[in-house]
Amino acid sequence: MNVLILGGGGREHALAWKIKQSENCEGLFVAPGNAGTAQIAQNIALSPEDFPALKQFCLKENIQLVVVGPEAPLVAGIVDFFHQDEELKEVGIIGPDKRAAALEGSKKYAKEFMAKYEIPTAAYKSFNSDELAEAESFLESLNPPYVLKADGLAAGKGVLILEDLAEAKAETAAMLKGKFGEASKTLVIEEFLGGLEYSVFAITDGKNHLVLPVAKDYKRIGEGDTGLNTGGMGAVSPVSFVDDTLWQRTLEEVVEPTIKGLSEENYDYAGFVFFGLIEVKGAPKVIEYNVRMGDPETEVVLPRIKSDLLSHLWAAAEGNIANEKIEISSDFCTTVMAVSEGYPGSYPKGKEITGLNNLSDCIPFHAGTKLADGKVLSAGGRVIALSAMGANKEAALAKSYAAVKTICFEGIQYRNDIGFDL
Ligand code: AMP
Ligand code: GLY
């Protein structure tokens, strides 16, 4: 089978690495890819959002399966585009249609879905630009901290958690006036939930599902979970506090009712579901849905899957996931992200990365890299994720940290405390 993966980060390198291991994988292409995917697949200089160009490429290379990495093409309707095109009818595509992608693209839509299918989440109300007074009086009825969420996609910056009521009111006004553009002209204000966060992933065909390993990511730039939010500084799988009881409750109270909801809504959805969860007094609650894999969670989830991911994805696209069996390693996987100096603020690019050939017992997943004159150069804020497996968390982390010390580029930064809280 010929496979096209869309995206160019660590998640897509990990998807390519795993799919490449399938005996059913013939041609493997990544658009646009990075220096890591270039070693195992053919990079294609196409944007994941240029649907007509992707169509031409799929027809020319006889692509049978497209795996969409990031959310933007999904929210923009790539699955609808493929499924409505006569010439692309035979091409399988991994991702939800535009209607279901609103589970990630609109916080309000996701909250309404959760209410309808009785999926546990924080209490909330939503407001539009004409409802500032109502939003202010709702804030007055809550206890701090106040959680304000822009309805739409805001590049990971659309959630504010504020202690002070006056500040929460001022931010509410600014958001409703368009602080994050159209994304924040609708606002969700919700109850603050205190607890430990974890992430669960499923592959669905829209009716049934397979559950993937649980993971936890580390979003803040600073050690001890301090400082600015990033795209993710590291991850671990499995997650020690997710014991059998919490896991069973998560499946019964969140995963199964969500898949039932996808089916009842009749979405056209063959793809990943990402459940962002928080444990509150032993109970799982949904913080958010994403309609794709997480990054860097993918870099610790996929190495633990022993069965054939391409077979699972193809079954999802064909509506046959109920016949698939997933096999998961009991080993731990950890990843430590090496990032550019200055990230998540502005940072330099084009720094040469050395030491990659000296890595052992580690799976380096490139995030922001590119090839130039035979050299691997940094090309993003998050540069490379050093994933490693071990019999326990400590053994895996020791290998991830040995790896991050083996590679070098000017200004390299990483968190020294991935997994510290577990
Ligand atoms: P989201 O974009 O919805 O995932 O929110 C980003 C981050 O904000 C989450 O990963 C949580 O750390 C935090 N967060 C979101 N909603 C809540 C909430 N209701 N209570 C506490 N923390 C939250
Ligand atoms: N690591 C969180 C995300 O991918 O959204």
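Bear in mind these aren't lab numbers, they're just calculated from the coordinates by the rules spelled out. Worth saying up front: this structure is predicted, and the values here are computed from it rather than measured. Cβ placement follows ideal geometry from the backbone for every residue including glycine, while neighbour counts extend to all protein chains displayed.
Annotations
- With the simple spin-label model, which puts each label point 7 Å out from Cα in the Cβ direction, the Glu163 to Thr354 separation comes to 4.5 nm.
- Glu265-Ala170 FRET efficiency (beta carbon distance; Förster radius 41 Å; 0.05 resolution): 0.65
- For Val383, nonlocal amide neighbours, meaning residues 5 or more places apart or on other chains whose placed amide H falls under 5 Å from its own, are Ala338, Val339, Ser340, Gly368.
- Hits among lysines - C-alpha to C-alpha of Lys393 under 21 Å, sequence gap 8 or more where chains match: Lys216, Lys219, Lys306, Lys405
- The residues Lys89, Lys55, when put in order of fewest to most other Cβ atoms within 10 Å, stand as Lys89, Lys55.
- For region 1-45, GluC sites (Glu not before Pro) are listed when DSSP marks them as loop and at most 13 other Cβ atoms sit within 10 Å of their Cβ; the list is Glu23, Glu26.
- Here the relative contact order of region 56-190, from alpha carbon pairs under 8 Å that lie six or more residues apart, stands at 21 percent.
- Ordering Ile161, Ile384 by the number of other Cβ atoms within 10 Å of each residue's own Cβ, fewest first, gives Ile161, Ile384.
- Only the Cβ atoms of Lys and Arg (+1) and of Asp and Glu (-1) were treated as charged; on that basis the dipole of region 224-296 about its Cα centre amounts to roughly 140 debye.
- Under Karplus coefficients 6.51, -1.76 and 1.60, residue-wise ³J(HN,Hα) of region 150-158 in Hz, glycine/proline x: 4, 4, x, 5, 9, 6, x, 10, x
- Considering only Pro284, Pro120, Ile44, and ranking their Cα positions along the charge dipole of the chain that arises from unit charges at the beta-carbon of Lys, Arg, Asp and Glu, the one farthest toward the positive end is Ile44.
- Using C-alpha pairs under 8 Å with a sequence gap of at least 6, the mean separation divided by the residue count of the chain gives a relative contact order of 17 percent.
- Dipole magnitude of the chain, debye to nearest 20 (Cβ charges: Lys/Arg +1, Asp/Glu -1, about Cα centre): 840
- Of the Cα atoms belonging to the chain, the radius of gyration and Dmax stand at 20.9, 61 Å.
- Cα-centred dipole magnitude for region 8-152, charges only on beta-carbon of K, R (+1) and D, E (-1), debye, nearest 20: 400
- Partners of Lys351 within straight-line reach, counting aspartates and glutamates whose Cα lies under 15 Å from its Cα and excluding those fewer than 8 residues away in the same chain: Glu341, Asp373, Glu410.
- By the count of neighbouring beta-carbon atoms within 10 Å, fewest first, Met293, Met1, Met114 end up ordered Met1, Met114, Met293.
- For region 327-376, the list of GluC sites (Glu not before Pro) that fall in a loop by DSSP and count at most 16 other C-beta atoms within 10 angstrom reads Glu327, Glu341.
- Taking the helices alone, the chain has a mean residue ellipticity at 222 nm of -8000 deg cm²/dmol, built from -39,500 (n - 2.57) per DSSP H run of at least 4 residues and averaged over all its residues.
- Furthest towards positive pole of dipole, Gly195, Met293, Leu386, structure part the chain, Cβ charges: Leu386
- Extension gain, Glu26-Ser129: 0.36 nm per intervening residue step, less the Cα-Cα distance, totals 31.9 nm.
- Annotation: amide H-H contacts under 5 Å for Val376 (H modelled 1.01 Å from N, sequence separation of 5 or more, or interchain): Ile353.
- Region 240-373 - Kirkwood radius from inverse mean 1/r over Cα pairs (Å): 18.3
- In order along region 46-63, phi translates into HN-Hα couplings of 10, 7, x, 9, 9, 4, x, 5, 5, 4, 4, 5, 4, 5, 5, 9, 6, 6 Hz, rounded to whole numbers, per the Karplus curve 6.51 cos²θ - 1.76 cosθ + 1.60 with θ = phi - 60° and x for Gly and Pro.
- Restricting region 107-138 to GluC sites (Glu not before Pro) in coil, as DSSP defines it, with at most 12 other Cβ within 10 Å: Glu118
- Residues in region 155-190 that a label on Glu136 would reach, taking backbone N under 15 Å of a point 7 Å out along Cα→Cβ: 165-177
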